[in-house]
1. Suppose the filter is of a type outside the set (Asp, Glu) and either over 22 Å from Gln231 (Cβ atoms) or at pLDDT 90 or above (or both); does Leu301 pass it?
2. Looking at region 264-278, can you tell me whether even one residue there is assigned to a loop (DSSP other than H, G, I, E, B) and open to solvent by 10 Å² or more (accessible area, probe 1.4 Å)?
3. I need the full set of residues from region 231-260 which are within 18 Å of Ser201 (Cβ to Cβ) and modelled with pLDDT of 90 or more, in order please.
4. Identify all residues within region 60-112 that are modelled with pLDDT of 95 or more, over 13 Å from Tyr49 (Cα atoms) and not in a helix (DSSP H, G or I); write none if there are none.
5. For region 47-64, which positions are under 12 Å from Asn109 (Cα atoms) and touching a helix residue (DSSP H, G or I) at 6+ places or on another chain (Cβ under 6 Å)?
6. Within region 173-190, count every residue that is buried (at least 19 other Cβ atoms within 10 Å of the Cβ) and at pLDDT 90 or above.
7. Please verify whether region 344-353 includes one or more residues that are closer than 19 Å to Asp21 by Cα and surrounded by fewer than 23 Cβ atoms within 10 Å (Cβ to Cβ).
8. Is it true that Gln30 is open to solvent by 10 Å² or more (accessible area, probe 1.4 Å) and in contact with a Phe, Trp or Tyr (Cβ under 8 Å, 6 or more places away or on another chain)?
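The values are calculated or read from the model by the stated rules, or taken from the named source; none is laboratory data. Please read these numbers as outputs of a predicted model, since none were measured by experiment. All Cβ positions, glycine included, derive from the backbone under ideal geometry; neighbour counts span all protein chains shown. For the accessible areas, the whole protein counts, side chains as well, though only heavy atoms, and no ligand, DNA or RNA atoms are used. Shrake-Rupley method; radii C 1.70, N 1.55, O 1.52, S 1.80 Å.
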Amino acid sequence: GGSDGKASSCKAGDPEITEVDSTLVERLGQRLLPWMDRLSPEQLNPSIYVGLRLSSLQAGAKEAHYLHSLKLSYQQSLLRPASSKDSSDSEAKPSMGQLALYLLALRANCEFVGGRKGDRLVSQLKRFLEDEKGAIGHNHQGHPRTSYYQYGLGILALCVHQKRVHDSVVGKLLYAVEHERHLLQDRVSVDTMAMAGMAFSCLELSNLNPNQRNRINLALRRVQENILKAQTPEGYFGNVYSTPLALQLLMGSLRPTVELGTACLKAKAALQASLQHKTFQNPLMISQLLPVLNQKSYVDLISPDCQAPRALLEPATEILPQTQVPEFIDVTLKVSGISPSYRHSVSVPAGSSLEDVLKNAQEHGRFRYRTQASLSGPFLTSVLGKKAGEREFWQVLQAPDTPLQQERRDHRKPGFGQSGPSPSLEWDGWTAAYQLPLGL
């Protein structure tokens, strides 16, 4: 606890830390601008719009155009009849996790989903939650077909639109938090806890499920305790990439304690340091961090402030050195859990992403891999012909056995986790700075 013994919330912190250097925040926002020019259905990302609207920044006319593109794409693809002739396998529909983010985007523009089309989208999301509830089962022995992260996100999205879901749907998420093994056996991380907590916070504030009020209150306490327990010595909750969602939850906490105030100050200081090191490059991650830097969270979408002044973002004008010779480093890739095992070294420029390494290994040897697109970036689906089956995932480790920090929060495909050992992909000798795309 703190030396003064006073309980404090996550929002009432030291101004030197809570008000992060505006230049760092602006640079972070500038990294989203190029993504707002990518308007193909597979690249549209509602999270980018939500993050900007809850931030202290704005993209001017680009924002309205981006929301318009989201509306056209999501309504056309999700409301298209199943037998429609122009539909094709290659034109995949947005997942229900993406639909939930789209509903958050509408609310971020102070719109309530409505009308015939809006009601159909709400019905789709409610049906998804009912299906997931069925997959979990009456005795809670099953698992969501996607993940508890998407399940919580779906409840939150409906809640901010004042759409009630059945007590039994909320009950499955409550049970998962009350019996953590149901979450932990899915490698569920701080961000999944945080998303569940934000769903509960919205339900508590909106009182949409009054019969569950006591359980919701207790579950929120448990979520907050678990997230605080997951704080690392550096100050992150879980890791650097799950800290923004954790802070979104904790900033809305109605349960201030000395421990909470201290933990939040430490986390914000760690985040500020990570901004100076340009840790955040992935648009999904940036869009979850920007609201935190503006003292906002997804729960604020219950009653968003659409008139709040926001600074206009200008495109970055970084001058890159022309004559710099790239430093090359040797990376050893090792694949275990398959037969025959694989080990091979490749030489790549310092600062390469993991996908750059995999591409290099594929171009210059017998290494083969496949990915599929997600809002978080490419997701690794098969290595050397070995596909991740249902409830399986490819685990990527930094030698000798450190799991990668950047976690998958895929809004598109089934959740990660399996019982039993997973095949793994390792690399050795990584000494230079690197960026890692989420999902790999």
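1. Here the answer is yes, as Leu301 does meet what is asked.
2. Yes, some residue in region 264-278 is assigned to a loop (DSSP other than H, G, I, E, B) and open to solvent by 10 Å² or more (accessible area, probe 1.4 Å).
3. The answer is Phe237, Ser242, Thr243, Pro244, Leu245, Ala246, Leu247, Gln248, Leu249, Leu250, Met251, Leu260.
4. Once the filter is applied, which keeps residues that are modelled with pLDDT of 95 or more, over 13 Å from Tyr49 (Cα atoms) and not in a helix (DSSP H, G or I), region 60-112 yields Glu111, Phe112.
5. Within region 47-64, Tyr49, Val50, Gly51, Arg53, Leu54 meet the criteria.
6. 5
7. No, every residue in region 344-353 fails to be closer than 19 Å to Asp21 by Cα and surrounded by fewer than 23 Cβ atoms within 10 Å (Cβ to Cβ).
8. no
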